[in-house]
Amino acid sequence: MYTRSTNSTFTDCKLLEPSAYVDGIIDQLPEPKKNGAGSTWASYAKQIICGGVAGVVSRTCTAPVDRLKVLLQVQGQQQVVGCLETGGNQTLGAYQMTRAMLNEGVLTMWKGNFVNCLKIFPENAIRLCIFEQLNERQCLTKNKLWHIRGNVTSKFANGAVTGILVQTVMYPFEIVKTRIMTLPAKSGKMGVWEAGKKILNDNGKTSALNFYKGFLPAIIGVIPFAGLELGCSKTGTEWYKEHFKTSNPGWWPLLTIGTTSSFIAMGCTYPFRLITCRMQAYTGPEKDRLSPVGHVRKIFRNEGMKGYYRGFFANSLKAVPSSGIAWTVFNRAQVYWDRSASYLYS
């Protein structure tokens, strides 16, 4: 026997508003798993793809400034594009170096960008995915061996560990990129394969360790850099969400947070990056190769304290907006990913 439901509101909804009844059924369907301890393969795919795309977009936008930065850093130890007319004895500023690069052709401003993108896609994808997962799972900050107190401190620690892991894996690509970008135009073109073979056989000694020259100052510099950059970016984004009561910050707030975080991190660690770049770019006799301490002494002897920040302005023009763009595209791309997934799911 049919018995009328005591819930008159629900019954009326079924009889008078069929669409509301259908919506009610849809609302009862299980939602996709969100990021956290129960992350599925889809969440990893989202973070990896969005992170990789963010890296390629940001690096392509700032490629000319990236090459300018590298040339300014290494011109004191070897002949580069900006010193061809003077035999490598003249030290050029950012403006003069830019004009020298343009004399080679506008497209040379993007020299090395292809290998740059090959490097930055997996690097940024892995970096942001690892960082997000470490923050969500808290396996490094809260475990049986130790416990890091403070939400902000844990983000800086996760950023530092992320930087170590990514730098170790991606460092050989950085070596190849630097060699290609610092190759003078009169020496012809050098592809990724040719650069890799030349590095592998540096000075007649075949060794895979050649791809890790300059690794020590790089890893020392990346610990505070990654910790500050990622930690400040994550902390700033969460503060903005809480302060302005929003779950999806806009483009400009994210860009501001990302650029500010990058500037702080770069200002604190730039000398390490300068020494690393010089060690990567060196192609002279092995007996004349300087150690990290040797580079510190040489820079101070020839240029004083200001020498440790050679190319800092050009590097700021590249790294600051690059990190801001990457952080912005990464966060916004995830929003669009989730919206697209919800449409497909529904």
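The values are calculated or read from the model by the stated rules, or taken from the named source; none is laboratory data. Source: prediction; values computed, not measured. Glycine also receives a Cβ, built like all others from the backbone with ideal geometry; neighbour counts cover every protein chain displayed. SASA here: full protein model, heavy atoms, side chains in, ligands and nucleic acids out. Shrake-Rupley method; radii C 1.70, N 1.55, O 1.52, S 1.80 Å.
Restricting to the stretch 193-211, give me the number of residues that are among the aromatic types (Phe, Trp, Tyr) and either modelled with pLDDT under 85 or surrounded by fewer than 17 Cβ atoms within 10 Å (Cβ to Cβ) (or both).
Residues meeting the conditions: 1.
For the stretch 117-168: of the residues being open to solvent by less than 60 Å² (accessible area, probe 1.4 Å) and charged (D, E, K, R), which is modelled with the lowest pLDDT?
Lys119
Residues Gly307, Gly294, Gly284, Gly267: which one is small (Gly, Ala, Ser) and either under 30 Å from Arg339 (Cα atoms) or surrounded by 15 or more Cβ atoms within 10 Å (Cβ to Cβ) (or both)?
Numbers: Gly294 fails: either under 30 Å from Arg339 (Cα atoms) or surrounded by 15 or more Cβ atoms within 10 Å (Cβ to Cβ) (or both); Gly284 fails: either under 30 Å from Arg339 (Cα atoms) or surrounded by 15 or more Cβ atoms within 10 Å (Cβ to Cβ) (or both); Gly267 fails: either under 30 Å from Arg339 (Cα atoms) or surrounded by 15 or more Cβ atoms within 10 Å (Cβ to Cβ) (or both).
Sole residue among the options that is small (Gly, Ala, Ser) and either under 30 Å from Arg339 (Cα atoms) or surrounded by 15 or more Cβ atoms within 10 Å (Cβ to Cβ) (or both): Gly307.
Quick one: in the stretch 227-256, which of the residues that are touching a residue at least 24 places away in the same chain (Cβ under 8 Å), open to solvent by 30 Å² or more (accessible area, probe 1.4 Å) and in a helix (DSSP H, G or I) is nearest to Leu128 (Cα to Cα)?
In this case the residue turns out to be Lys234.
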